[in-house]
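Colleague: Got a structure here, written out as structure tokens. Questions coming.
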Amino acid sequence: MRILNYHKNLPISCIAVLTLMSVGACGGHPNAADVPDTVTSAIVDLSSVDMEIMQAQDILKRQCMRTKGFDVPIDYTVITVPQSYVDVGGVFRSKEEAETVGYNTQTADLQGRNIALDAYVDTLSDSERNRYEQEMGDLDTGGCAAQAYIALFESPENTRAVFDTFDDVLREQSSSAIEDSDVQAAIKDEYMPCMEKAGYNVRGLRGGELASKKFGRYRKWNEPPNDEEKAMAVQDYECQASANLIQRINEALERNAGTWLVSNEAMLLERHEKLQQARERANQVISGQLSYKASD
């Protein structure tokens, strides 16, 4: 998952799994370096911030709006959506993720969670809607959206630093991991034949496209996959694992942005620590152990 515009109010519908194209020169690995495993792990986490953090920000934001006199609905249901891996979409990090999430962005209506909030906002008068928007604000202007991020990350600066990491890495890479020759070889020579042998004729790392054709948009918001989709997603994960895809993506990242990763090790590890702290707070928010009033 890549959060496309963190300083705006959280629009679940704009969260998407992306497969990004080239951002730099092709050929060779001018940015290769010996990157510590801790830095590689940190950059993977920082490049695809947990859905739990965004859900917690949404909950805190709505709790804050209630203190401003708006009776906004709050949904504590745990949200499950696929996330990208660094800058590569369509990767399953675990068998459990494949089973519980499946190809959610292909088959479910991501607008579903916002229906209740949209219905509430529609009941407001013009003057109250203007006040609602002002009180909500964003990370740049302040308001409840900013207060929610601050409750998780401690400051606007920490929030921006964590969410800017994806763009920082993208800018520094000589090419996207999906374009790396070893990653492409793993996909074409190992992953795709594995999927074809199992009866799934995918084109590249695009199981979601095939799932969309096979299953359609049959799911309601946040509904788990049925047995047929689950079976395909688990097979997808197993074929990716047999091709060592995640390891090869990590190695591509180190080749394509290694020099920058090493020279910014301290900064990246500090950002990762802030992310881990925010993750812990987010889980407390979702479970009801931490609220906006207790955070401000």
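Colleague: What shape does the range 163-255 take by its C-alpha gyration tensor, where a ≥ b ≥ c are the square roots of the eigenvalues and a/c under 1.5 counts as rounded, a/b above b/c as prolate, and the rest as oblate?
Modeller: Details: a/c = 2.57, a/b = 1.46, b/c = 1.77.
Note, shape of the range 163-255 comes out oblate.
Colleague: Which residues in the range 253-273 have a backbone N closer than 20 Å to a point placed 7 Å from the Cα of Asp182 along the Cα-to-Cβ line?
Modeller: 253-263
Colleague: How would the range 38-176 be classified by its alpha-carbon gyration tensor: rounded, prolate or oblate, with rounded meaning a/c under 1.5 and the a/b versus b/c comparison settling the rest?
Modeller: Working: a/c = 2.43, a/b = 1.49, b/c = 1.63.
Because a/c hits 1.5 or more and a/b fails to exceed b/c, the range 38-176 counts as oblate.
Colleague: Once ligands and nucleic acids are excluded and a 1.4 Å probe is used, how much of Thr77 is accessible, expressed in Å² to the nearest 10?
Modeller: We get 80 Å² for Thr77.
Colleague: Would you mind computing, in nm to one decimal, how far apart the modelled labels at Arg171 and Asp227 are, each placed 7 Å from Cα along Cα→Cβ?
Modeller: 5.1 nm
Colleague: Hey, which of these cross-link pairs are over 19 Å Cα-Cα: Lys95/Lys230; Lys68/Lys274; Lys68/Lys293?
Modeller: Values: Lys95/Lys230 10 Å; Lys68/Lys274 28 Å; Lys68/Lys293 12 Å.
Beyond 19 Å between Cα atoms: Lys68/Lys274.
Colleague: Cα to Cα, under 14 Å, and not fewer than 8 places away if on the same chain: which aspartates and glutamates meet these conditions relative to Lys197?
Modeller: Asp189, Asp236, Glu238
Colleague: Which one of Met267, Ala198, Gln184 is farthest out on the positive end of the charge dipole of the range 149-296, using unit charges on Cβ (Lys, Arg +1; Asp, Glu -1) and the Cα centre as origin?
Modeller: In the range 149-296, that residue is Ala198.
Colleague: I would also like to ask the following. Using a 1.4 angstrom probe on the protein heavy atoms only, could you order Lys214, Lys68, Lys197 from most to least accessible area?
Modeller: Values: Lys214 100, Lys68 80, Lys197 185 Å².
So the residues, ranked largest to smallest area, are Lys197, Lys214, Lys68.
Colleague: Name all residues of the range 153-182 having a backbone nitrogen under 16 Å from the label point set 7 Å from the Cα of Val262 along its Cα→Cβ direction, giving them as ranges.
Modeller: Taking a point 7 Å out along Cα→Cβ of Val262, the residues of the range 153-182 whose backbone N falls under 16 Å are 173-174.
Colleague: Something else about it: What net charge do the residues around Ile74 carry, taking every other residue with its C-beta under 9 Å from that of Ile74, with Lys and Arg at +1 and Asp and Glu at -1? Don't jump to the answer; show the numbers that get you there.
Modeller: Working: positive: Arg62, Arg66; negative: Asp58, Asp75.
Value of the local net charge: 0.
The values are calculated or read from the model by the stated rules, or taken from the named source; none is laboratory data. Predicted, not measured: the structure shown is a model, and the values here were computed from it. Heads up, the Cβs are rebuilt from the backbone with ideal geometry, glycines too, and the neighbour counts pull from every protein chain shown. Remember, those area values only see protein heavy atoms, side chains included, never the ligands or the DNA or RNA. Shrake-Rupley method; radii C 1.70, N 1.55, O 1.52, S 1.80 Å.
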